[in-house]
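Beneath this line is the structure, given in structure tokens, with notes to follow.
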Amino acid sequence: LGRLLLALACGPGAVPSLELCAMQFSPELTRTLGTMLEAGAPGGVQDVRQLSGLLAEHMWRELDAAHSYNDVLQHDLSLELENGRLMRLMVKLGMICERMDQATDPSWSETGDRYLIKLFRDWVFHRTTDTGAPEMDWGYVVEALNKLDAGLPEKILLMSRDEMSMLMVSYRDIKKCVEQVYNELMSRAAIDANRRLYST
């Protein structure tokens, strides 16, 4: 093994030697290769345990670097997972709120669960400050959407745009409404797709 590593360190076309290795690599690596080449002599590396002892410091350093990189990957993965969940929620809210294609019932998006979802959408995305300026707090939006995704029992107060009506509901209630209305839209889309398929 020592001769193989020395040959790799010196490179192709060169005569393997510790002197050449010392010119290109650290003294520590050169000494380690020297002890490996003297495996049968006193003071040389006799087995894998002794070799592991010589490399222990570097092994721990590499292991620590691997764990640190793994932590970075897990952090990035958690961010992507959160982004994916929030994206699905925003798509559902966008597909539900104030739809204009419900020809049979123009007030579809203004009644029942749809109206509750619309008020929640306004509460999250259309907030204003005390002076009437738009409130552009991304942290607030992300927090609210995460609570909605988790379906927390925490209650919030929703107010209509004309401030004539108020509703006290929980994130759990709103999440249930979103899922029910979205599934209703998916069912209508599937029925329409089947009708167009069989009518051709």
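Quick notes
- Index of the failed condition, LEU93 passing every other in (1) out of contact with any helix residue (DSSP H, G or I) (no Cβ under 6 Å at 6 or more places or on another chain); (2) open to solvent by less than 60 Å² (accessible area, probe 1.4 Å): (1)
- Failed condition for ARG114, given (1) open to solvent by 60 Å² or more (accessible area, probe 1.4 Å); (2) more than 23 Å from GLY84 (Cα to Cα): (1)
- Across segment 34-50, a minimum of one residue is classified as modelled with pLDDT under 75, in a helix (DSSP H, G or I), within 44 Å of the chain's Cα centre (by Cα) and surrounded by 11 or more Cβ atoms within 10 Å (Cβ to Cβ).
- Count of residues meeting criterion [hydroxyl-bearing (Ser, Thr, Tyr) and within 27 Å of the chain's Cα centre (by Cα)] in segment 122-150: 1
- Residues (open to solvent by less than 20 Å² (accessible area, probe 1.4 Å) and either in contact with a strand residue (DSSP E or B) (Cβ under 8 Å, 6 or more places away or on another chain) or part of a helix (DSSP H, G or I) (or both)) located in segment 138-172: ALA144, LEU145, LEU148, ILE156, LEU158, SER160, VAL169, SER170, TYR171
- Restricting ILE191, ILE174 to residues that are β-branched (Val, Ile, Thr) and touching a residue at least 40 places away in the same chain (Cβ under 8 Å) narrows the list to ILE174.
The values are calculated or read from the model by the stated rules, or taken from the named source; none is laboratory data. Small disclaimer: the values here were computed from a predicted structure and weren't measured. Cβ: placed from backbone, ideal geometry, glycine included. Neighbour counts: every protein chain shown. The protein model used for the area step is the full one, side chains on, heavy atoms only, and it has no ligands, DNA or RNA in it. Shrake-Rupley method; radii C 1.70, N 1.55, O 1.52, S 1.80 Å.
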